[in-house]
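Have a look at the structure below before the remarks.
Every number in this text was worked out from the coordinates using simple rules, so none of it is lab data. Computed from a predicted structure; not experimentally measured. Please note: Cβ atoms are built from the backbone with ideal geometry, for glycine as well, and neighbour counts cover all protein chains shown.
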């Protein structure tokens, strides 16, 4: 029976948009979320998110007023929750780019209804990430020293430092993600403009859509630009987490100075990012009644990616141990034994349980197509991946000389900054859900069967005038659509 | 107020199939200054209209090369010429350590090229277009498919162009005036 099902699925792939939708009903379904007055649930969530944002404001304000001493940092643990949170949030962002760029390049059309959503997640996650390098410098008003701006000292940034590479990598990543997102939004903002009831909405969406009207000469440049942005974002996203891992790997700290870090970090980023997409998508599809667009198939596909990358991460954990032993370096071996059995063993085993063990449940089709299970397991992965960064950073607590060892306990201000970024993230995300189309309307229409001029529903194939063009050329040219 | 001059004609089409068919028909009839409007890009429309390839990739290449050369010059000049500082015995300039920043700036300026190049080529932002006067045209961002022909086209004729649009399946063929109504 199972074989039969999977066979028929191969021959007739399930439709990308379920339900009997027309172009107009797609517009209606997505825009009505934006045009309806905010629901009670939205307002309640937004107030909670604003409280989180307030926590961020207070924590950061106090940090800037008083200095980084309010955090639990010490020597040797001079990098605490700030870097943990930074890597955590950057990693979450990566799934958005993966969905929007890499799946686009691989012509995975199922990505179409979740990409807008995931790209928004990327941008907001990177904004949260950027908070930490900004505030951890202590004297935030001197942050411009990290940029090559002529200054009164006549000095320039040190381009040999991975931390400076990070400045360029993350700010480029943020800028390119924002442009990519905005480019995708242009036609949909025009849709909202043309449906606007109030003058304010008409003007706001009108300005933001740049006066887009869907001319084919515009679509031609647009599609080319979109394809190139996808092509640029794909290596960019890999480079960003590679460079983030250089922050650790280029140092000489045992447990950090390893060549496995770049691929291991990238796999972990995809893993955690997809988990976050599930965490956000499962409730959102329910609340906003978008089940026809974010289908069970989407959730299942993402769960498969979580399963795969989770095993890559598990492999990296094992390989780190093996190399620590194989290196015959005392410090290296000790660091890993200490991770698993030392003072931070609790964190290590939380990491292993959440990242390697629980995702194995996704081998079962029942579980990976069940929304409740998907949601719960995605939360586990989020927790596990935060602890992964914590475990890596805590390698610092026992370095070369026992006289220098110490234990790091985050203070309430450390936690305040971390919880606060969730406030920032959800504030932005809720605003996005309310004011922008959370599903790429034009792109979804483009993958519907009736979008194809040669769809069987339109019949009469032969009597078109365009047969002068070779059919292949036509198909190739049109193949850029996502 | 003086009479508005005529900008052209616009016709609505039922679906992407008739739209593609009509675009091909206009191309074959020798029209140049006509435009196809749709809520999403229609497969094969570029060929149907006989459009040349987009030049966005060349702008991107220019941006990428500028980013690459600029990043290398920046790192070399600041580190090895303007204010050399000896750090950990490393060279004042080397391609190895310059690679990450060079890569990032190449990508950044390429992306600027793609987005701003696209916007400039499309002559956006465009706050007003004569078609905004046509009520049915608002559906272009929802489920409407349109073709417009401008007066400036040498083949344009109020009568014959209208007949051609109608014979190609055009509905509600309407005269479009310049300027805001």
Quick one: check the C-alpha center-to-center distance for segment B:49-83 versus segment B:90-151, whole angstrom.
17
More than 48 Å apart - percent of Cα-Cα pairs taken over the protein assembly as shown
22
How big is Rg to Rh over segment A:294-364, alpha-carbon atoms, Rh as the Kirkwood inverse-mean-distance radius?
1.14
Tell me, what is the Rg over Rh of segment B:108-153, with Rh the Kirkwood radius over Cα pairs?
1.11
Two pseudo-spin positions, 7 Å from Cα along C-beta at residue B:32 and at residue A:330, lie apart in nanometres by 8.3
Counting helices only, and only those DSSP H runs with n ≥ 4, report the 222 nm mean residue ellipticity of the protein assembly as shown as the sum of -39,500 (n - 2.57) divided by its residues, in deg cm²/dmol to the nearest 500.
-19500 deg cm²/dmol
FRET efficiency for residue A:353 and residue A:65, using Cβ-Cβ distance with R0 set to 51 Å, rounded to 0.05
0.85
How well do other chains shield peptide A:152-163, expressed as the mean number of their Cβ atoms within 10 Å of each residue Cβ?
5
Just to be sure I understand: if I project the alpha-carbon convex hull of segment B:1-62 onto a plane and average over all orientations, what area do I get in nm²?
7.1
For segment B:56-121, the Cα convex hull volume per residue in Å³ comes to 72
Output the 0 to 90 degree angle, nearest 10, between the alpha-carbon long axis of helix A:261-287 and the longest principal axis computed from the alpha carbons of chain A.
50
Mind checking the full-extension length gain between residue A:371 and residue A:197? Use 0.36 nm per residue of separation minus the Cα-Cα distance, one decimal, nm.
59.0 nm
Mean projection area, nm², convex hull over Cα of segment A:173-220:
3.7
Over chain B, what is the mean sequence separation of C-alpha contacts under 8 Å (at least six apart), divided by residue count, expressed as relative contact order in percent?
48
Please determine, in degrees from 0 to 90 and to the nearest 10, the orientation of helix A:199-208 with respect to the longest principal axis defined by the Cα atoms of chain A, where the helix direction is its Cα long axis.
70
Taking each pair of different alpha-carbon atoms in segment A:18-143 once, compute 1/r for the pair, average those values, and report the inverse of that mean as the Kirkwood hydrodynamic radius in Å to one decimal.
17.9
With everything on Cα atoms, drop me the angle between helix A:371-393 and the longest principal axis of chain A, reported from 0 to 90° to the nearest 10.
40
Relative frequency of Cα-Cα separations exceeding 23 Å in segment A:310-427, percent:
43
Neighbouring partner chain Cβ atoms per residue of A:446-452, average, 10 Å criterion:
4
Long-range alpha-carbon pairs in segment A:128-270, meaning those over 27 Å apart, account in percent for 45
Just for the Cα atoms in chain B, what are the lengths along the principal axes, largest first, rounded to whole Å?
80, 40, 31
Using a Förster distance of 25 Å, how high is the FRET efficiency between residue A:311 and residue A:251, based on the Cβ-Cβ distance and rounded to 0.05?
0.35
By per-residue mean of other Cβ atoms within 10 Å, what is the highest-first order of A:44-57, A:147-160?
A:44-57, A:147-160
Roughly how many nanometres apart are two label points built 7 Å out from the Cα toward the Cβ at residue A:450 and residue A:323?
5.5
Taking 7 Å along the Cα-to-C-beta vector as the label spot, tell me the residue B:58-residue B:129 distance in nanometres, rounded to one decimal.
2.5
Per 5 Å bin, what percent of the C-alpha pairs of segment A:374-466 does each bin hold, from zero upward?
3, 9, 8, 11, 12, 10, 8, 7, 7, 6, 6, 5, 4, 3, 2, 1, 1, 0
Column: log10 I(q)/I(0), Debye, Cα scatterers of segment B:82-170, q = 0.11, 0.14, 0.19, 0.20 Å⁻¹:
-0.61, -0.78, -1.06, -1.10
Relative contact order for chain A: what is it in percent, counting Cα pairs under 8 Å that are at least 6 residues apart?
30
Length gained when the stretch residue B:157-residue B:175 is fully extended (0.36 nm per residue, less Cα-Cα span):
5.3 nm
Apply the Kirkwood formula to segment A:222-296: the hydrodynamic radius equals the inverse of the mean of 1/r over all pairs of different alpha-carbon atoms; give it in Å with one decimal.
15.0
For segment A:349-391, taking Cα atoms only, what is the radius of gyration to one decimal and the Dmax to the nearest whole Å?
10.6, 32
Test item: A:225-238 mean partner chain Cβ contacts at 10 Å
5
